[in-house]
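The values are calculated or read from the model by the stated rules, or taken from the named source; none is laboratory data. This is a predicted model, so every value here is computed, not measured. Heads up, the Cβs are rebuilt from the backbone with ideal geometry, glycines too, and the neighbour counts pull from every protein chain shown.
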Ligand SMILES: *Cc1c(COP(=O)(O)O)cnc(C)c1O
């Protein structure tokens with residue numbers, strides 16, 4: 001049995017109609033997570049579909065240029081569909097199949113989780129419906145086409161600001177009407193129990209591989225691990241296997257958008273307070289009445305007004321530190337990594353790269369930083385061009 005709470009955070013704050021569905025998932029998860037056959041099947045999927053293990057890449061040029069700690073990049077950008085999201089989707093889809101579910105629903109922001117889910121749904125012959133904010137549908141037309149190409153149905157969510165938080169709310173609403181044959185495949189370590197635990201268990205492969213790889217290459221543990229935090233799944237994925245190693249510092253990087261002192265950011269730990277939303281107790285950006293505030297980051301993957309309850313807990317006990325990085329700084333790191341290593345990172349991951357660039361300079365040459373390169377940046381090239389005022393011809 002897995003804990004439902006992380007300190008005071010987590011829990012299951014949902015309507016009665018969903019409790020049964022959550023208990024059904026929790027029971028199935030508890031049954032399969034330690035089942036050797038399930039583990040073997042998942043390992044095969046990681047290898048054959050996701051292209052795991054992902055490389056631990058020594059960023060030699062960056063290291064030389066910064067003149068401090070050695071920087072390694074965990075190349076989740078090389079996974080099939082271009083980010084860490086596929087790890088979790090494979091795990092939950094396999095679980096849904098074991099449960100005899102025929103339909104998958106999910107939420108998506110920029111479309112990364114929706115594309116990963118539609119991809120695996122096609123492979124598993126599952127019906128798939130993706131909820132996406134109206135605003136995001138317009139901004140990410142290519143990903144909408146991609147999901148439809150893969151056979152998924154994309155449903156526009158017009159309520160609220162027409163973005164990720166509204167897509168999550170609508171997916172929950174829809175789920176209450178069809179819990180019998182439908183599985184809700186959550187994209188990050190957010191929502192009611194068991195999702196935060198389950199998604200972590202399917203992402204922890206990242207940190208397990210890192211420990212093995214770094215011990216093989218360097219013969220010692222890293223001094224620091226850095227990852228960007230939206231809901232927090234890539235960060236918990238790389239942190240989890242190091243939480244007990246107290247000499248390894250853990251840094252989660254939040255989106256500061258235009259700056260934490262403006263109204264345009266998504267820095268939940270830096271600026272948020274404790275509340276209840278989307279079925280969990282955690283930290284949220286909310287007004288004094290508990291109304292969730294609109295958030296902003298140029299990176300759609302970090303543009304969420306909450307954070308996974310486990311991060312709220314790790315922050316509270318001081319085991320991990322959460323640091324805001326702005327759009328401007330992320331764009332600087334986006335260009336830096338492109339030119340220094342020939343790697344175009346996701347704009348989300350560029351937030352982590354920026355912090356690592358500064359951290360490396362303050363550390364010694366025999367020390368090591370591992371950065372989780374959560375995704376590739378092809379999807380962001382247009383937006384960065386726009387940010388820089390470069391005009392690219394559309395059709
Ligand atoms: C979705 C996404 C994120 C943010 O989600 P987390 O759950 O915080 O990991 C970060 N990077 C990439 C590339 C993403 O697609």
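So is residue 344 within 13 Å of the ligand (Cβ to nearest atom), surrounded by fewer than 23 Cβ atoms within 10 Å (Cβ to Cβ) and more than 22 Å from residue 11 (Cα to Cα) or not? Yes; evaluated as a whole, the condition is true for this residue.
Can you find even one residue in region 26-41 that is part of a loop (DSSP other than H, G, I, E, B) and surrounded by 15 or more Cβ atoms within 10 Å (Cβ to Cβ)?
Looking for residues that are part of a loop (DSSP other than H, G, I, E, B) and surrounded by 15 or more Cβ atoms within 10 Å (Cβ to Cβ), one finds at least one in region 26-41, hence yes.
In region 152-166, the condition of being loosely packed, with under 15 Cβ neighbours inside 10 Å and more than 19 Å from residue 278 (Cα to Cα) is met by at least one residue. Of the conditions (1) within 15 Å of the ligand (Cβ to nearest atom); (2) farther than 19 Å from residue 230 by Cβ; (3) surrounded by 18 or more Cβ atoms within 10 Å (Cβ to Cβ), residue 71 clears all except one; give me its number. Condition (1) is where residue 71 drops out.
Within region 83-99, the residues that satisfy the criterion of being in contact with a helix residue (DSSP H, G or I) (Cβ under 7 Å, 6 or more places away or on another chain) and over 21 Å from residue 225 (Cα atoms) are 86, 89, 90, 91, 92, 93, 94, 95, 97, 98, 99. Would you check if there is a residue in region 297-313 being surrounded by fewer than 24 Cβ atoms within 10 Å (Cβ to Cβ), part of a helix (DSSP H, G or I) and touching a helix residue (DSSP H, G or I) at 6+ places or on another chain (Cβ under 6 Å)? Checked region 297-313: no residue is surrounded by fewer than 24 Cβ atoms within 10 Å (Cβ to Cβ), part of a helix (DSSP H, G or I) and touching a helix residue (DSSP H, G or I) at 6+ places or on another chain (Cβ under 6 Å). All told, residue 239 falls short of being within 29 Å of residue 22 (Cα to Cα), within 16 Å of the ligand (Cβ to nearest atom) and without any contact (Cβ under 8 Å) to a residue 24 or more places away in the chain. Could you list, in sequence order, the residues of region 296-319 that are farther than 18 Å from residue 281 by Cβ, more than 12 Å from the ligand (Cβ to nearest atom) and in contact with a strand residue (DSSP E or B) (Cβ under 8 Å, 6 or more places away or on another chain)? Passing the criteria: 296, 298, 319. Of the listed requirements (1) touching a helix residue (DSSP H, G or I) at 6+ places or on another chain (Cβ under 7 Å); (2) more than 16 Å from the ligand (Cβ to nearest atom), residue 293 misses just one: (1). Regarding residue 338, is this residue touching a residue at least 12 places away in the same chain (Cβ under 8 Å), within 16 Å of the ligand (Cβ to nearest atom), in a loop (DSSP other than H, G, I, E, B) and farther than 20 Å from residue 197 by Cα? Answer is no for this residue. When 57, 13 are checked against the criterion of being modelled with pLDDT of 95 or more, in contact with a strand residue (DSSP E or B) (Cβ under 8 Å, 6 or more places away or on another chain) and farther than 24 Å from residue 308 by Cβ, 57 stands alone in meeting it. For region 74-98, how many residues are within 12 Å of residue 185 (Cβ to Cβ) and more than 16 Å from the ligand (Cβ to nearest atom)? Total meeting the criteria: 5. Considering (1) under 14 Å from the mean Cα position of the chain (by Cα); (2) outside any loop (DSSP other than H, G, I, E, B); (3) under 25 Å from residue 335 (Cβ atoms), the lone condition that residue 86 does not fulfil carries the number (3).
Which residues, taken from region 225-256, are part of a loop (DSSP other than H, G, I, E, B) and either modelled with pLDDT under 95 or out of contact with any helix residue (DSSP H, G or I) (no Cβ under 8 Å at 6 or more places or on another chain) (or both)? Matches in region 225-256: 231, 244, 245, 246, 247. Set side by side, the residues 330, 350, 356, 360 differ, and just one is surrounded by 24 or more Cβ atoms within 10 Å (Cβ to Cβ), assigned to a helix (DSSP H, G or I) and out of contact with any helix residue (DSSP H, G or I) (no Cβ under 8 Å at 6 or more places or on another chain), which is 356.
Looking only at region 259-269, decide whether some residue is within 16 Å of the ligand (Cβ to nearest atom) and either assigned to a loop (DSSP other than H, G, I, E, B) or under 13 Å from the mean Cα position of the chain (by Cα) (or both). Within region 259-269 (the criterion being within 16 Å of the ligand (Cβ to nearest atom) and either assigned to a loop (DSSP other than H, G, I, E, B) or under 13 Å from the mean Cα position of the chain (by Cα) (or both)), the answer is yes, since at least one residue qualifies.
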